[in-house]
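Student: First the structure, then my questions, so here it is.
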Amino acid sequence: MTPSLNRPADTWSPLYFLASLGAGGLAVTFFMYLMFWVPHPGQPVPVFEDNLAAFTAGDWPLQLSIIVAAVGIAGFAILNIKLLIWNLARYAEFRRTEAYTKLMNSNGETQILAMPLALAMSVNAAFILGLVFVPGLWSMVEYLFPFAMIAFAAIAYLAFRRIGDFLGRVLSEGGVFDVTANNSFAQLLPAFALAMTAVGMAAPAAMSTNATTVGIALIASMILGTIAALYAFVAAIVAFNSMLHHGTAKESAPTLMVVVPILTVLGIMMMRQEHGLHTTFEAHGGMADNLLLTTTILAIQSVFLALGLLVLRRQKYADAFLRGPNNSAGAYALVCPGVAISVMMHFWINKGLVGAGLIAKFGVAYWSFTAFAIAAQVAMIFLVLVLNRRHFSTRDVPIAVPAE
């Protein structure tokens, strides 16, 4: 990633944090292989020892799956961290420019929330790296949970500060928010950032055996998740009204599908909370609870995914920003919905269908459904490679246009 004036990424936008986010999300999709295919008795997630035992005793398809998962997790987690560091350095430079001042006095101020969003994803990716590659990590995990919660609390504080600055400006000063330019779901980015901190904060609720840790994680994640859902609901209504009047902004059209990843992370948050309530506080749910939750989420996600793809096709978005001469950092927002659908499909199949006894694990129906989750994952890997080549390769190409 040597700087060059010929690279679209050299005309930096906060939305390039989404490149780091997408890479981290793909690392999570590979972790799903281990999560649901590798036996892990004694703890809710597979760790290094579980993967090693399964690889040693398993047949060749399982061995191949573990290898693919390990390579995918390592590769995309490293890319996630590399892009995060690059973006943080560019952000530090960007703050000293007039473009930053202009952005912070426009609707686009909320683009800065892509930074805490990417930070929260990187913490999740780092935890996955530890589970998969560090022997003996689970023996000390109770000592790590408080540090993880502190990290997510700090990121949430950063997000709230940014949201407070934005809302304080637009709600206290009349006429500073351009309603006509709010014709996309770009203003749901703050909700996405809060939801990502919520799902991270909920992890100790599902994994810890310490009642105090579980209780704090439950309360904190519930607060963050509730605020994220409320913010998303209000922002979506306001934005949809503007889209009905002015149509969807072409460059920001991918944000129509941001509801998909928000619902995935909030859904995982709720499943983690339910697990913590069950194991620590003996609050037992029904067999079909996860089936109902994941099916409802997938139904809503399907609506927004279909709506987003319809608008993208009508506006010929791919011709403009994926195949054509133009480039937009906002195109990285296309990765999140595909990753989110893949992850939620795995949970629907394993926690929902298998958990409720509707299908047999590793049966024909199981692999038929799983094929859709893997197809979405492969498509997003290809999209990330295409976008990275377009935005980070040194070529004679038009500069990137920051999305509003």
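Student: Checking the condition surrounded by fewer than 21 Cβ atoms within 10 Å (Cβ to Cβ) and in a helix (DSSP H, G or I), which residue from LEU34, LEU26, LEU52 passes?
Tutor: Selected residue: LEU52, the only one of LEU34, LEU26, LEU52 that is surrounded by fewer than 21 Cβ atoms within 10 Å (Cβ to Cβ) and in a helix (DSSP H, G or I).
Student: For the range 320-329, which positions are touching a residue at least 12 places away in the same chain (Cβ under 8 Å) and not in a helix (DSSP H, G or I)?
Tutor: Answer for the range 320-329, where residues must be touching a residue at least 12 places away in the same chain (Cβ under 8 Å) and not in a helix (DSSP H, G or I): LEU322, PRO325, ASN326, ASN327, SER328.
Student: Is it the case, given these coordinates, that LYS82 is more than 25 Å from ALA153 (Cα to Cα) and surrounded by fewer than 24 Cβ atoms within 10 Å (Cβ to Cβ)? Working first, answer last.
Tutor: Details: more than 25 Å from ALA153 (Cα to Cα): no; surrounded by fewer than 24 Cβ atoms within 10 Å (Cβ to Cβ): yes.
Against the criterion (more than 25 Å from ALA153 (Cα to Cα) and surrounded by fewer than 24 Cβ atoms within 10 Å (Cβ to Cβ)), LYS82 does not qualify.
Student: Could you list, in sequence order, all residues of the range 276-319 that are assigned to a helix (DSSP H, G or I) and touching an Asp or Glu at 6+ places or on another chain (Cβ under 8 Å)?
Tutor: Initial filter on the range 276-319 (assigned to a helix (DSSP H, G or I)): 276-281, 289-314, 317-319.
Passing the criteria: ASP289, ASN290.
Student: I would also like to ask the following. Do you know which residues across the range 63-73 are buried (at least 16 other Cβ atoms within 10 Å of the Cβ) and either under 19 Å from ALA125 (Cβ atoms) or among the aliphatic types (A, V, I, L, M) (or both)? So that I can check it myself, show each step before the final result.
Tutor: Residues of the range 63-73 buried (at least 16 other Cβ atoms within 10 Å of the Cβ): 65-66, 69-70, 72-73.
Hits for the range 63-73 are ILE66, ALA69, ALA70, GLY72, ILE73.
Student: Tell me yes or no: at least one residue of the range 224-233 is hydrophobic (A, V, I, L, M, F, W, C), over 14 Å from PHE192 (Cβ atoms) and either touching a Lys or Arg at 6+ places or on another chain (Cβ under 9 Å) or surrounded by fewer than 20 Cβ atoms within 10 Å (Cβ to Cβ) (or both).
Tutor: Within the range 224-233 (the criterion being hydrophobic (A, V, I, L, M, F, W, C), over 14 Å from PHE192 (Cβ atoms) and either touching a Lys or Arg at 6+ places or on another chain (Cβ under 9 Å) or surrounded by fewer than 20 Cβ atoms within 10 Å (Cβ to Cβ) (or both)), the answer is no, since none of the residues qualifies.
Student: Read through the list (1) surrounded by 19 or more Cβ atoms within 10 Å (Cβ to Cβ); (2) not in a helix (DSSP H, G or I), then give the number of the only condition that ASN105 fails.
Tutor: Tallying (1) surrounded by 19 or more Cβ atoms within 10 Å (Cβ to Cβ); (2) not in a helix (DSSP H, G or I), ASN105 fails exactly one: (1).
Student: Go through the residues of the range 167-190 one by one and say whether even a single one is modelled with pLDDT of 95 or more, surrounded by fewer than 23 Cβ atoms within 10 Å (Cβ to Cβ) and among the β-branched types (Val, Ile, Thr).
Tutor: No, because not a single residue in the range 167-190 is modelled with pLDDT of 95 or more, surrounded by fewer than 23 Cβ atoms within 10 Å (Cβ to Cβ) and among the β-branched types (Val, Ile, Thr).
Student: Also, I was wondering about something else. Please name all residue pairs, on different chains or six or more residues apart, with Cβ atoms under 6 Å, provided the first residue is in the range 377-402 and is farther than 19 Å from GLY330 by Cβ and loosely packed, with under 13 Cβ neighbours inside 10 Å and the second residue is of a type outside the set (Asp, Glu) and at pLDDT below 95.
Tutor: Qualifying pairs under 6 Å: ARG395/ASN6; ASP396/ASN6.
Student: Going by what's in this entry, would THR213 be described as touching a residue at least 60 places away in the same chain (Cβ under 8 Å), assigned to a helix (DSSP H, G or I) and out of contact with any Pro (no Cβ under 7 Å at 6 or more places or on another chain)?
Tutor: no
The values are calculated or read from the model by the stated rules, or taken from the named source; none is laboratory data. Just so we're clear, the structure is a prediction, and the values are computed from it rather than from any experiment. Heads up, the Cβs are rebuilt from the backbone with ideal geometry, glycines too, and the neighbour counts pull from every protein chain shown.
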